[in-house]
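Worksheet for the structure shown next.
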Amino acid sequence: MHLVIISGATRTRSKSNTAKIVAAFEEGYREGGNTAETWFLSDRAQWDGAAKAFEQSNNILIALPLYVENIPGILLEFLEGLTPKSAPGTQIAFLVQGGFPEASQSRCCEKYLETLPEQLGCAYAGTLIKGDMFGLGLMDEKEREKPLAAFTEMGRHFAETHRFEKDVVDVFAAPEYLPEKELRMFKLFGRPVQKLFMGRMAKKMGCQGRLDAQPYSTGR
Ligand SMILES: Cc1cc2nc3c(=O)[nH]c(=O)nc-3n(C[C@H](O)[C@H](O)[C@H](O)COP(=O)(O)O)c2cc1C
């Protein structure tokens with residue numbers, strides 16, 4: 001079965017975590033003879049092709065990074081430009097990945113996505129959720145293998161079921177909330193290490209000021 005994948009990430013393909021995840025997912029999906037094509041909305045030159053692919057396909061996956069607990073603005077803009085389908089038979093599934101580890105972060109977005117296919121004249125085929133993906137682009141290829149292998153496995157699963165069932169997604173997306181004990185440990189030990197790591201990373205990217213600078217603070 002052919003799958004049209006549309007990436008709603010704003011970062012260019014080479015820098016995007018969504019692109020890496022989609023490539024791993026596609027690998028699993030293609031095993032056994034399925035085919036897939038991916039369109040990247042970060043490249044506006046691909047928008048017409050992506051809209052045409054949406055029009056002509058009845059098996060669609062929209063992949064996106066979580067942005068402020070919902071979908072990125074460019075994806076919303078793209079969706080607003082689509083003509084809803086008048087004939088039934090098209091299904092849309094979603095793949096949402098975010099930076100924070102708790103799946104609860106993505107539940108608001110999931111609620112919205114559940115309503116979206118109907119507005120486009122399509123059926124809803126589930127939402128795959130995964131957090132803790134912020135660092136994916138900062139890892140080397142070897143480090144990335146394990147987190148990406150999980151998406152390849154989900155690609156295989158999707159090739160068989162053609163949908164993301166809620167019980168499978170919930171296991172994949174865990175943890176829903178981090179345990180209290182883990183949060184306490186993080187505040188004590190993890191936060192100082194993270195601060196150091198983020199500071200170094202910012203410096204490498206050319207940041208010259210403090211990360212906790214408050215230039216507009218009134219001092220109150
Ligand atoms: C503007 C912005 C808003 C974000 N909001 C969230 C959020 O609400 N929750 C979350 O878990 N991650 C959030 N993130 C993190 C991204 O979802 C995460 O780093 C993702 O892997 C980026 O994928 P990309 O490289 O394909 O853009 C945000 C990132 C940006 C840049």
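Structure notes:
- Sole exception among (1) touching a helix residue (DSSP H, G or I) at 6+ places or on another chain (Cβ under 6 Å); (2) under 30 Å from Phe186 (Cβ atoms) for Asn34, by number: (2)
- Of all the numbered requirements in (1) without any contact (Cβ under 8 Å) to a residue 40 or more places away in the chain; (2) assigned to a helix (DSSP H, G or I), Leu79 misses one, and that requirement is (1).
- Tally, over segment 69-98, of residues that are in contact with a Cys (Cβ under 9 Å, 6 or more places away or on another chain) and within 16 Å of the ligand (Cβ to nearest atom): 6
- Every condition in (1) within 16 Å of the ligand (Cβ to nearest atom); (2) within 15 Å of Ala159 (Cα to Cα); (3) without any contact (Cβ under 8 Å) to a residue 40 or more places away in the chain is met by Gly33 except one, and the failing one is (1).
- When the residues of segment 58-70 are filtered to those that are of a type in the set (A, V, I, L, M, F, W, C) and within 15 Å of Ser16 (Cβ to Cβ), the one that is surrounded by the fewest Cβ atoms within 10 Å (Cβ to Cβ) is Leu66.
- If the condition is being of a type in the set (Asp, Glu) and near the ligand (Cβ under 10 Å from one of its atoms), then segment 99-127 contributes only Glu102.
- Remark: Phe54 matches the filter, which requires a residue to be of a type in the set (Phe, Trp, Tyr) and away from the ligand (no atom under 14 Å from the Cβ).
- Close pairs (8 angstrom Cβ cut-off, 6 or more residues apart or separate chains): assigned by TED's automatic domain parsing to the domain that holds His162 in segment 95-106, within 8 Å of the ligand (Cβ to nearest atom) and of a type in the set (D, E, K, R) anywhere: Gln105/Glu69; Ser106/Glu69
- Selection within segment 135-148 - more than 14 Å from the ligand (Cβ to nearest atom) and either in a helix (DSSP H, G or I) or not assigned by TED's automatic domain parsing to the domain that holds Glu110 (or both): Glu141, Lys142, Glu143, Glu145, Lys146
- Segment 98-129, residues that are surrounded by fewer than 22 Cβ atoms within 10 Å (Cβ to Cβ) and in a loop (DSSP other than H, G, I, E, B): Gly99, Phe100, Pro101, Glu102, Leu120, Gly121, Cys122
- Filter pass, Leu95 being under 19 Å from Phe172 (Cβ atoms), not in a helix (DSSP H, G or I) and not aromatic (Phe, Trp, Tyr): yes
Every residue, every condition in (1) more than 29 Å from Phe25 (Cβ to Cβ); (2) among the polar types (S, T, N, Q); (3) at pLDDT below 95; (4) outside the structural domain of Ile21 (by TED's automatic domain parsing), yes or no:
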residue	(1), (2), (3), (4)
Ala125	no, no, no, no
Met133	no, no, no, no
Ala150	no, no, no, no
Phe158	no, no, no, no
Gln194	no, yes, yes, yes
Gly199	yes, no, yes, yes
Ala202	yes, no, yes, yes
Ala213	yes, no, yes, yes
Gly219	yes, no, yes, yes
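- Residue check, Thr161 surrounded by fewer than 19 Cβ atoms within 10 Å (Cβ to Cβ) and of a type in the set (Val, Ile, Thr): yes
The values are calculated or read from the model by the stated rules, or taken from the named source; none is laboratory data. Fair warning: this is a prediction, and the values are worked out from it, not measured in the lab. Note that we place each Cβ from the backbone using ideal geometry, even for glycine, and neighbour counts take in every protein chain shown.
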